[in-house]
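As structure tokens, the structure follows; a few thoughts come after it.
Rule-based calculations on the coordinates, nothing more; no lab input. Quick caveat: nothing in here was measured; it's all calculated off a predicted structure. Counting neighbours? That spans all protein chains shown, and the Cβs are built from the backbone with ideal geometry, glycine included.
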Amino acid sequence: MLTRLLMRLFIAAAVAAVVGGLGWVYVKPPEGMRVTREGVPHLSPPVAHPATGEAIPLERLVQHYKGGGK
């Protein structure tokens, strides 16, 4: 009887922690989840240029394909 009660309390605490954590991330997302105006995450790694293979910022590649890049 006591074991079942403790297990239900543990499950309720785990569910509350998960729901609270997801709610917190939704309301105040971490810095790594924030994005620019074009939808590019701020902390994204460089990507390979399609023609030359050099490493360029992802935002520059997105601007190129949207028509704003050089």
Neighbour cut-off at most 11 other Cβ (10 Å), DSSP loop, trypsin sites (Lys or Arg not before Pro), region 18-65
34, 37
Give me Rg over Rh for the chain, both radii from the alpha carbons and Rh done the Kirkwood way, two decimal places.
1.38
Could you identify which residue out of 50, 41, 30 has the top mean-square fluctuation in a GNM of the chain using Cα springs shorter than 10 Å?
50
How about the chain: which GluC sites (Glu not before Pro) there are in a DSSP loop, with at most 15 other Cβ atoms within 10 Å of their Cβ?
38, 54
Go ahead and estimate [θ] at 222 nm for the chain from helices alone: -39,500 (n - 2.57) per DSSP H run with n ≥ 4, summed, over the residue count, rounded to 500.
-17000 deg cm²/dmol
